[in-house]
Amino acid sequence: MISPKHGFALVTPASRGLGFAFAQQLLAKTKLPVVATARKNCAEIRDQLLSSEGLPKDAEQRLRLLEVDVTDEATISSMADTIREEYPQTPLRIALAIPGILHVEKSPAQIDAANALHSFQVNALGPLLLMKHLAPFLPTKSSSEFPDTHDSESKDELKLPSHAIYAMMAARVGSISDNNSGGWYSYRASKSSVYQIAKTFDLYLRGRSAEKALAVALHPGTVRTDFTKEFWSGRDMLEPLDSADRMLRFLAGLPPGIKDGRGRCWDWKGEEVLP
Ligand SMILES: NC(=O)c1ccc[n+]([C@@H]2O[C@H](COP(=O)([O-])OP(=O)(O)OC[C@H]3O[C@@H](n4cnc5c(N)ncnc54)[C@H](OP(=O)(O)O)[C@@H]3O)[C@@H](O)[C@H]2O)c1
C-alpha cells in the first residue's frame, strides 16, 4: 500500500448510483486507499465494487467499506474513529459527500412534514455532519503538500493535485437563480443548503488550511441512476461512470487560490452553477 503521506480518498455513500461510480473511479484511477460507506450490506457492496472492470490488482487491499447512515450521527462519528485507528497520520486527500433523497412535491398541498424533515436530514444535515466529523482529517496550513503519485505513462490515471479537495453533492435545482419551474420544495430547499455549506466550509478552510485544502459543491448533470428512474425513457442522460469521471477530472484540475473557484458550485462540464 502507498505511504500514508499520499492521503486517502473517501466516498460517502457508495452503495449505488453516483457514489458507487466515484468509488469505482477512485479505485481504478488513483493509487490511494479508498474508504467507501453504505447504510447496510457493506460486504456485498464491497464485492460488487471489486468486481468492476479494469481495477488494478491492489484494489482489494485499498478498499474499506464502513457503515454510515447520515441520519444517525453516531455512525458518522464511528466512521471517523475507525479511520483514525486504521489510517494513522493519513490526511484526507479527496472526499465526495453525496447522500441525497427526493420526496416529490408538485404543489404546496403535497408537502408531508415527515417526508420534508427526512429530505432535510439526508440532504442538508447529512453533508453538515459529515463535514463536522471529516474536517479534522484535512491538511492544515503547516501540513506537507501531497506528493505527486501520477504515472506519466498512464493516460487513464487521475493526476491529483498537491492540495486536498472536499466536494459535496448539490444539484442544479438547489440554485435559486436557476429556479424557473418550481416544485420539489423540500428537495430544492435542502439542496440550496449545500451551496451555503460548501461556501461556509471553504471559508473555514481558507483560514485553517490556506491553499492546502478547498471545498466545493457539485452538480452531476442528469445521470442514469435510481434517482432519475422515472425519467429514463426518452431523455438523454449521463452514465454514472461518465459523470463521476468528468467531475473528478474537473476537481483534480481546480486550483486552490481564492479567486480560482473554491467555495462555489460546479457542474460536470466544469461550468459554474450560481446559487
Ligand atoms: N442522478 C441525478 O441526475 C442527480 C442530479 C442532481 C443531483 N443528484 C444528487 O447526486 C447524489 C447521488 O444521487 P444518485 O443519482 O446516485 O442517487 P441514488 O442512486 O438514488 O443514490 C442515493 C444514495 O443516497 C444514499 N442515502 C439515502 N439515504 C441515506 C442516508 N440516510 N444515509 C446515507 N446515505 C443515504 C443511498 O443509500 P442506500 O443505497 O442505502 O439507499 C444512495 O447511496 C444525490 O445527492 C442526488 O441528490 C443526482
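Where does the chain land at 222 nm, in deg cm²/dmol rounded to the nearest 500, when only DSSP H runs of n ≥ 4 count, each adding -39500 (n - 2.57), divided by all residues?
So the calculated ellipticity at 222 nm is -10500 deg cm²/dmol.
Cα centroid distance between segment 45-63 and segment 145-197, in Å?
24 Å
Once the piece of chain linking residue 74 and residue 159 is laid out straight, how much longer is it, given 0.36 nm per residue of separation minus the C-alpha distance between them?
Here the answer is 27.2 nm.
Output the relative contact order of segment 1-136, whole-number percent, from Cα pairs under 8 angstrom with separation of 6+ residues.
Taking the mean separation of contacting Cα pairs over the length of segment 1-136, I get 29 percent.
How charged is the neighbourhood of residue 203? Take every other residue with its Cβ under 13 Å from the Cβ of residue 203, and add Lys/Arg as +1 and Asp/Glu as -1.
Local charge sum for residue 203: +4.
What are the residues whose amide H is under 5 Å from the amide H of residue 10, where those residues sit 5 or more places off or on another chain and H is modelled from the backbone?
For residue 10, the qualifying residues are 35, 94, 95, 96.
What is the chain's relative contact order, in percent, from Cα pairs under 8 angstrom and six or more apart in sequence?
It rounds to 19 percent for the chain.
Spelling out what I want: for every residue of segment 15-30, take phi, set θ = phi - 60°, compute 6.51 cos²θ - 1.76 cosθ + 1.60 (Karplus), and round to whole Hz; glycine and proline get x.
Per residue, the Karplus-derived 3J(HN,Hα) values read 5, 6, x, 5, x, 4, 5, 4, 5, 4, 5, 5, 5, 7, 10, 10 Hz.
Report ³J(HN,Hα) in whole Hz for each residue of segment 171-188, in order, from the Karplus equation J = 6.51 cos²θ - 1.76 cosθ + 1.60 where θ = phi - 60°; Gly and Pro get x.
Each residue of segment 171-188 in turn: 5, 4, 5, x, 7, 6, 5, 8, 7, 10, 10, x, x, 6, 3, 6, 5, 4 Hz.
Add +1 for every Lys or Arg and -1 for every Asp or Glu among the other residues with Cβ under 12 Å from the Cβ of residue 98, and state the total.
That works out to +2.
Going by a ≥ b ≥ c, the root eigenvalues of the Cα gyration tensor, does segment 178-275 fall in the rounded group (a/c under 1.5), the prolate group (a/b larger than b/c) or the oblate group?
Judged from the Cα gyration tensor, segment 178-275 comes out oblate (a/c at least 1.5, b/c at or above a/b).
With 10 angstrom as the radius, rank 70, 122 by how many other C-beta atoms surround their C-beta, starting from the fewest.
So the ranking, lowest neighbour count to highest, is 122, 70.
Once you list every other residue whose beta carbon is under 13 Å from the beta carbon of residue 34, what net charge do they have if Lys and Arg are +1 and Asp and Glu are -1?
Result for the neighbourhood of residue 34: +3.
Under 5 Å between amide H atoms, partner at least 5 residues away or on a different chain: which partners does residue 66 have, H built in plane at 1.01 Å?
Amide H to amide H, under 5 Å and 5 or more residues apart or across chains, residue 66 pairs with 36, 37, 38.
Please compute the Kirkwood hydrodynamic radius over the chain, one decimal place, Å, based on all pairs of different Cα atoms.
That comes to 18.8 Å for the chain.
I'd like the Karplus ³J(HN,Hα) series for segment 261-275: coefficients 6.51, -1.76, 1.60, θ = phi - 60°, whole numbers in Hz, and an x wherever there's a Gly or Pro.
x, 5, x, 10, 9, 10, 8, 4, 8, x, 9, 6, 10, 6, x
With each pseudo-label sitting 7 Å past Cα toward Cβ, what's the residue 252-residue 178 distance in nm, one decimal?
2.4 nm
With label points built 7 Å along Cα→Cβ from the Cα atoms of residue 111 and residue 196, find their separation and express it in nm.
About 1.5 nm separates the two model spin labels.
For segment 1-130, rounded, prolate or oblate, judged on the Cα gyration tensor with a ≥ b ≥ c (square roots of eigenvalues), a/c < 1.5 rounded, else prolate if a/b > b/c?
prolate
Check residue 149: other-chain or 5+ apart residues with amide H under 5 Å from its amide H, H built from backbone geometry?
It is 160, by chain and number.
Starting with the fewest neighbours, write out 202, 72, 226 ranked by other beta-carbon atoms found within 10 Å of each beta-carbon.
Final ranking by Cβ density, sparse to dense: 226, 72, 202.
Bear in mind that the values in this text are calculations on the coordinates, not laboratory data. All values derive from a computational prediction rather than experimental measurement. For neighbour counting, all protein chains shown are included, and Cβ atoms are generated from backbone atoms with ideal geometry for every residue, glycine included.
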